[in-house]
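Engineer: To start, I am sharing the structure in question, which I have written as structure tokens.
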Amino acid sequence: MKKIPNWLIVAAFLTLLIASKFIFFAKKEDKKNSAAKGEKPPIAVNYFVVKPMQFSNDVFATGKIGAFNQIDLMPEISGKVTNIYFSEGQSVNKGDVLVKINDADLQAQFLKVKTQIQLSEQKLERLKKLFAINGVSQEEVDTQQNELDGFKADQAYIQAQINKATITAPFSGILGLKNISEGSFVSPTTAMVSLVQVKPLYIEFSVPEKYKDLLKKGVNLTFSAETEVSSQTYSATVYAIEPTVDVNTKTIRTRAVYNGNQQFFAGGFVKVYVNLGETKDALMIPTQCVIPTLKGQKVFLSKNNIAVEVPVTIGIRNDEKIQILDGISVGDTVVTTGLLSVKKDSKLVLTKASK
């Protein structure tokens, strides 16, 4: 057999090596080009088509019952209690006498000043007669008149102190539990008994700041006691609105008057429901569509199956949807799912429409 020349073997080997190199690098370059040209697969998302709808502005809040008048009765003077004219839990009317404090010393002072006034008046009368015949000077008459006026001022002061010894009800209501007994010594810091006006009552609650343009005096509401098992509701009417917004809660304090016959205890809590009317042609989208950002909120719209990031202004919300005041229009397609994966300019595949 004829031997193959060495140079031919070397030439064949070099040819094979060069061919392998071209094949290997060609495949590698194809992979690079493929990676450069390759794009992420579209993201499958659900969507919601924006359309106008009617929205009811319902507000649910926790309220507190309050009394228009509620005080602890305290005496204006110190002394011993001589008489108590009320029973615990009793209904009283404005002006009813409740407690009497010993005023014997004041009565004695009053009698003394009364006598001094009588003597001073008699003396003044005599001086006036003498002045008429030039028996005394005008100065003496004026001095006596000043003395009489001083006695009358003393009498008025003592009478005021005597009046303070009789404690009366400043308004109609129901008395609480008494803290004194006959014979007790009381001072202006002694709380003798509480008095609470039970009709009418007010309901105090807070509403979000965004309702400030809808909340007006005269708006009717319903409420129910949190302790009630039944679904009994009661009506009240808004009569006062705080003109400032709480900086911490961004809410507005509101009060409504209740004139019904059902007895409630001041300080109790109730569930409040207020209907502030309905908004027609509201743009409502599912709540989960809205994404919070440092500057506010945003949503993703699908335009030609491409994700478009849009800042929005939100309004009122309910359990499922939230109102969009600015940023979207009727007919826009809002992305509702896959929001963690969706980025600006992501390709989308719309799968299922949300209701």
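The numbers here are math on the coordinates, done by the rules we state, and not lab data. Since the model is a prediction, treat every value here as computed from it, not as a measurement. Note that we place each Cβ from the backbone using ideal geometry, even for glycine, and neighbour counts take in every protein chain shown.
Engineer: What FRET efficiency, computed as 1/(1 + (r/R0)^6) with R0 = 56 Å and r the Cβ-Cβ distance, is obtained for SER184 and LYS295, rounded to the nearest 0.05?
Structural biologist: 0.25
Engineer: Another one. Report the Cα centroid-to-centroid distance between the stretch 69-88 and the stretch 241-274 in angstrom, as an integer.
Structural biologist: When both Cα centres are located, 31 Å separates them.
Engineer: Please tell me the relative contact order of the chain in percent, rounded to the nearest whole number, where contacts are Cα pairs under 8 Å and at least six residues apart.
Structural biologist: Relative CO of the chain lands at 27 percent.
Engineer: Considering the dipole of the chain built from charges on the beta carbon (Lys and Arg +1, Asp and Glu -1) around the Cα centre, which of THR168, ILE314, LEU348 is farthest to its positive end?
Structural biologist: Result: LEU348.
Engineer: Going toward the positive end of the dipole of the chain, with +1 on Lys and Arg Cβ and -1 on Asp and Glu Cβ, which of ILE71, LEU221, PRO286 do you reach last?
Structural biologist: PRO286
Engineer: Work the Kirkwood hydrodynamic radius out for the stretch 74-194: mean of 1/r over every pair of different alpha-carbon atoms, inverted, in Å.
Structural biologist: Across the stretch 74-194, the inverse of the average 1/r is 17.1 Å.
Engineer: Taking 8 Å as the Cα distance limit and 6 or more residues as the minimum spacing, I'd like the relative contact order of the stretch 74-194 as a percentage.
Structural biologist: About 51 percent, as a whole number.
Engineer: Please name which of ASN57, ILE328, ASN248 has its Cα lying farthest along the dipole of the chain towards the positive end, using unit charges on Cβ (Lys, Arg +1; Asp, Glu -1) and the Cα centre as origin.
Structural biologist: ILE328
Engineer: To continue, here is another question. Could you check which residue among PHE48, PHE265, PHE131 shows the biggest mean-square fluctuation in a GNM of the chain with a 10 Å Cα cutoff?
Structural biologist: PHE131
Engineer: Can you tell me the dipole magnitude for the chain around its Cα centre, using point charges on the Cβ only (Lys, Arg +1; Asp, Glu -1), in Debye to the nearest 20?
Structural biologist: For this selection, approximately 3420 debye.
Engineer: Given the Cα-Cα distance of VAL136 and ASN259 and 0.36 nm per residue of separation, how much length would full extension add, in nm?
Structural biologist: 37.3 nm
Engineer: How many nm separate the modelled label positions at ASN102 and VAL49, each set 7 Å beyond the Cα in the direction of the Cβ?
Structural biologist: So the two model labels end up 9.1 nm from each other.
Engineer: Starting from the Cα of ILE162, step 7 Å along the direction of its Cβ; do the same at ASP345; then give the gap between the two resulting points in nm.
Structural biologist: 9.7
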